[in-house]
Amino acid sequence: MRRKIVAGNWKMNNDLSETEALLNDLIAQVPNTDVNVMVAPTYVNLFQAFNVLKEHNIEVIAQNMHQEAKGAYTGEISANMLKSVGINTAILGHSERRAYFGETDELLAKKADAALANDIQVVFCFGEELEDRKAGNHFSVVESQLKNALFHLDASAWKNIILAYEPVWAIGTGETASPEQAQEMHAFIRKTISEKFGSEIADELSILYGGSVKPANAAEIFAKEDVDGGLIGGASLKAADFVAIINAF
Ligand code: 13P
């Protein structure tokens, strides 16, 4: 079902006590809402975050996941390990994973398969770099990221996928895509999915925008027809800002 979603990607921020403090602030401040609220703390705090939020309407999600079920992959975390601490959703393909950890579309196809096979919902991130946009290649880059990582999936898989369009030039830079640029790309993404998997799946799909979303710009971005919410980095680290973004819906 197409849902409104606001997800906070905390990246490598917040130790255990900071995590508990921010979660308690969110419990106190997140309103009763039809928006699905998610937060992604670092791996080591997922279990505690799950326990703190168990009775609340905020889902704890992972920032990443390994594609193999188990074995000699030092430092990695499997789907089953996430499930065992109550996590049912994972972000995959964040541009920082692609840029700093060499994650490719081909690897992400495997990660998506592993997540979906284990009933882990995927928040799949993708988006063009500044050079792509300057060269006018942003649509073709985005299309190939989707095709390479997700077009092999069965139609039935799409009920467990959320897309997050995050233009790399807008992440952590303070420079946001304009609401028109976001809408234009989201409409293109929905059309691309529709052409491959049909309009019913495309219409039901939630497509989030990420990249310098703040309380001041969230409402005009979320107002766009094909924008179903946001994946929030920096502004998700302050309860008041994150809550203001949720309220912007
Ligand atoms: P910022 O909101 O800090 O630009 O980060 C966006 C992001 O990368 C979310 O995954």
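Does Lys54 satisfy the condition of being open to solvent by 50 Å² or more (accessible area, probe 1.4 Å), out of contact with any helix residue (DSSP H, G or I) (no Cβ under 9 Å at 6 or more places or on another chain) and at pLDDT below 95? Yes; evaluated as a whole, the condition is true for this residue.
The residues on offer are Ser236, Ser212, and the sole one that is at negative phi and hydroxyl-bearing (Ser, Thr, Tyr) is Ser236. Scanning the range 1-26 for residues that are outside any loop (DSSP other than H, G, I, E, B), touching a residue at least 24 places away in the same chain (Cβ under 8 Å) and open to solvent by 50 Å² or more (accessible area, probe 1.4 Å) yields Leu16, Glu20, Asn24, Asp25. Among all residues of the range 208-229, there is none that is farther than 21 Å from Gly174 by Cβ, outside any loop (DSSP other than H, G, I, E, B) and touching a residue at least 24 places away in the same chain (Cβ under 8 Å). Counting only helices (runs of 4 or more DSSP H) wholly contained in the range 83-193, the ones carrying 1 or more residues that are out of contact with any strand residue (DSSP E or B) (no Cβ under 7 Å at 6 or more places or on another chain) and within 13 Å of the ligand (Cβ to nearest atom) occupy 95-101.
Scan the range 114-131 for residues that are touching a residue at least 24 places away in the same chain (Cβ under 8 Å) and over 16 Å from Ala62 (Cβ atoms) and jot them down. Break it down stepwise before answering.
If we filter the range 114-131 for residues that are touching a residue at least 24 places away in the same chain (Cβ under 8 Å), which is where we start, we get 114-130.
Matches in the range 114-131: Phe126, Gly127, Glu128, Glu129, Leu130.
When you look at Ala117, is it aliphatic (A, V, I, L, M), open to solvent by 70 Å² or more (accessible area, probe 1.4 Å) and within 18 Å of Asp154 (Cα to Cα), yes or no? Answer is yes for this residue. Does Lys134 satisfy the condition of being farther than 25 Å from Ser178 by Cα and either in contact (Cβ under 8 Å) with a residue 60 or more places away in the chain or basic (Lys, Arg) (or both)? Answer is no for this residue. Taking the range 235-249 as the range and being within 12 Å of the ligand (Cβ to nearest atom) and surrounded by 20 or more Cβ atoms within 10 Å (Cβ to Cβ) as the test, the residues that pass are Ala235, Ser236, Phe242, Ile245.
The values are calculated or read from the model by the stated rules, or taken from the named source; none is laboratory data. Because the structure is predicted, anything quoted here is derived from the model rather than measured. Neighbour counts are summed over all protein chains in view; Cβ atoms, including those assigned to glycine, are modelled from backbone coordinates with ideal geometry. Side chains included, ligands, DNA and RNA excluded: accessible areas come from the protein's heavy atoms. Shrake-Rupley method; radii C 1.70, N 1.55, O 1.52, S 1.80 Å.
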